[in-house]
Amino acid sequence: MAGLNPEITIGMGGRAVNPNDPSNPNPHGTRQQSAASEVRREIAEFVKVVVWFLVLFFMLRFFVIEGYEVQGPSMEPTLQNGERILVSKLPLIASKFSLFNRLDPIQESDIIVLNGPDGTNKRYVKRVVARGPDRDRSNTVVAADEDLYDGVPLEIADGHLYVNYDLVDEPYIPEDRRAFKSSPMKTFLNTGTYFVLGDNRRVSKDSRNFDAIDEEDIIGKAVLRFWPLSRFGLL
């Protein structure tokens with residue numbers, strides 16, 4: 001009909017309602033705002049979960065455990081090229097604090113990952129075959145002439161390893177590989193130092209090349225081979 005305004009609608013109770021009036025309640029707009037607010041809340045929650053996951057991941061990686069891939073034949077037959085291992089860091093880190101200073105996380109025959117002390121910025125996987133005297137972890141002190149104490153003697157002679165003048169039994173190396181070609185050497189291991197060798201002595205670059213390593217060079221102890229699954233197991 002002529003004269004009718006198409007923008008005017010009849011509301012409840014016969015009241016004329018203009019949808020363009022800003023004072024008019026808009027139920028559709030309210031629902032849209034509520035949905036948008038809900039989406040923002042869900043995004044914020046998702047971001048928080050991601051942040052906490054990343055924090056936990058990096059804490060675990062840097063302070064608890066980390067995975068490595070073995071490269072090269074220097075630890076054969078124990079570890080093969082391309083195998084993947086988990087390295088435990090927490091006991092070594094904890095032992096540096098007074099509350100846990102009685103921990104002794106690295107022992108002879110342990111497989112460790114270490115920062116290369118030869119300035120190459122490489123990381124090596126080797127076996128600890130000897131270490132210096134135990135640190136005095138008590139609250140006592142010793143008043144003695146330091147010259148009377150020269151550390152733990154280690155010698156390589158005729159392709160065999162001797163520690164404290166005793167031949168070292170190494171059951172983790174096949175019998176036909178236990179004798180190895182190496183220049184004779186003698187050294188003494190001081191407290192906090194470790195002598196490391198690769199199980200494949202014929203090709204390994206180890207303490208015979210860069211001498212004993214310091215405890216600070218050790219990243220952690222290899223505890224598990226998780227790949228390939230056919231060789232899955234503790235180390």
Residue by residue through the stretch 92-110, note down the ones that are without any contact (Cβ under 8 Å) to a residue 40 or more places away in the chain and touching a helix residue (DSSP H, G or I) at 6+ places or on another chain (Cβ under 7 Å).
-> ILE93, ALA94, PHE100, LEU103
Those residues of the stretch 178-235 which are basic (Lys, Arg) and either farther than 22 Å from LYS122 by Cα or assigned to a loop (DSSP other than H, G, I, E, B) (or both) amount to ARG178, LYS181, LYS186, ARG201, ARG202, LYS205, ARG231
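A short reminder: the numbers here are calculations on the coordinates, not readings from a lab. In this text, all values refer to a predicted model and were calculated from it rather than measured experimentally. Because the Cβ atoms are built from the backbone with ideal geometry, glycine has one as well, and the counts that use them run over all protein chains shown.
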